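See structure below.
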Amino acid sequence: MSVDALLSNRNASQIFLFLGRRRARADRVIKGCRLKPGDAAKLLDRMVRGGILDQKKGTYGIDWERFLPIFLRQAMNIYAVAMPWKFIPKYLEKGEEDFIDAACAQAERELARVKVKLAANDLFFKVVQSYFAILVTEMAGPQDYMEDLRVSDAIDEFEYALLKILPMMRRQKRDTKPAKELFRLLSDWHRQVQGYDTPTGSALRAAFTEHGLV
């Protein structure tokens, strides 16, 4: 089972969220997630091999250092699609024949650089940890919602939430180097996502404009 499949798997997600509270032995995971021992053992092994969990002294926990790059890869859905458009004008001005390929290649390099910087940012690391800890322990949602929540859904929500949260980041809280760098990195992410339109989004914007609402 691939890492992406594990993140969208109901039982694997339950294990991840259960371990978001604390490290636990396999028997506690089985009991807490109400899984069959054989199924739990297979998923735990696959999640360790996939870089989602680690196993130390008989206990399992989230391997945050290896999970963070996985989180970033999945969280940057719109950003990854929008990024080439940032570079297309530059290559058009240069008269580049394969301007789309050139823009996509630079976008790929830029995304790799951003992911490395975000993964190395201590503040971002803590934000991601807190996100899942709060989701598990403090979320006021119906029990069946939590039971059906997939880790992949929680990751996907990050990019949409960023559009609302970034403008709320307080200037006085950006007084440390990690905070300033994080704000800069997230600002570009926010700008690219906000400026990108899918065909359906573009059509909806045009419809509102046509009737004088935008």
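I'm trying to understand the selection: among the residues of region 1-12, which are out of contact with any Cys (no Cβ under 8 Å at 6 or more places or on another chain) and under 16 Å from Val48 (Cβ atoms)? It would help to see each step written out before you state the result.
Going through region 1-12, the residues out of contact with any Cys (no Cβ under 8 Å at 6 or more places or on another chain) turn out to be 1-10, 12.
Result: Met1, Ser2, Val3, Ala5, Leu6, Leu7, Asn9, Ala12.
Would you confirm, using the coordinates I've provided, whether Ala120 is aliphatic (A, V, I, L, M) and either closer than 19 Å to Val193 by Cβ or crowded, with 18+ Cβ neighbours inside 10 Å (or both)? No. Taken over region 88-117, the criterion of being at pLDDT below 90, surrounded by 16 or more Cβ atoms within 10 Å (Cβ to Cβ) and out of contact with any Leu (no Cβ under 8 Å at 6 or more places or on another chain) is satisfied by Ile88, Tyr91. For region 148-202, the set of residues classified as over 18 Å from Gln129 (Cα atoms), part of a helix (DSSP H, G or I) and either in contact (Cβ under 8 Å) with a residue 60 or more places away in the chain or of a type in the set (Gly, Ala, Ser) (or both) consists of Asp148, Glu181, Leu185, Ser187, Asp188, Trp189, Gln192, Val193, Gly195, Gly201, Ser202, listed by residue number.
Of all residues in region 101-125, those that are more than 20 Å from Phe67 (Cα to Cα) have Cβ atoms under 9 Å from Cβ atoms of residues that are basic (Lys, Arg) and part of a helix (DSSP H, G or I), 6 or more apart or on another chain, in Ala102/Lys90; Ala103/Lys86; Ala103/Lys90; Gln106/Lys86; Gln106/Lys90; Ala107/Lys86; Glu110/Lys86. Residue count for region 88-130 under the criterion of being assigned to a helix (DSSP H, G or I) and among the acidic types (Asp, Glu): the result is 5.
Among residues of region 85-100 that are within 21 Å of Gln194 (Cα to Cα), those with a Cβ under 9 angstrom from a residue that is surrounded by 13 or more Cβ atoms within 10 Å (Cβ to Cβ) and of a type in the set (S, T, N, Q), sequence gap 6+ or separate chain, pair up as Trp85/Gln192; Lys86/Gln106; Lys86/Gln192; Phe87/Gln106; Lys90/Gln106. Tell me yes or no: at least one residue of region 23-36 is at pLDDT 95 or above, in contact with a strand residue (DSSP E or B) (Cβ under 8 Å, 6 or more places away or on another chain) and surrounded by fewer than 14 Cβ atoms within 10 Å (Cβ to Cβ). Checked region 23-36: at least one residue is at pLDDT 95 or above, in contact with a strand residue (DSSP E or B) (Cβ under 8 Å, 6 or more places away or on another chain) and surrounded by fewer than 14 Cβ atoms within 10 Å (Cβ to Cβ). Evaluation of Val151 against the conditions (1) modelled with pLDDT of 90 or more; (2) within 16 Å of Leu182 (Cα to Cα) shows that the sole unmet condition is (2). Kindly indicate the residue of region 52-78 that is farther than 15 Å from Ser8 by Cα and of a type in the set (Gly, Ala, Ser) and also surrounded by the most Cβ atoms within 10 Å (Cβ to Cβ) among those meeting that condition. Top of the filtered list is Gly61.
The values are calculated or read from the model by the stated rules, or taken from the named source; none is laboratory data. From a predicted model like this one, the values you see are computed outputs, not experimental measurements. Positions of Cβ are generated from backbone atoms using ideal geometry, with glycine treated the same way; all protein chains shown enter the neighbour counts.
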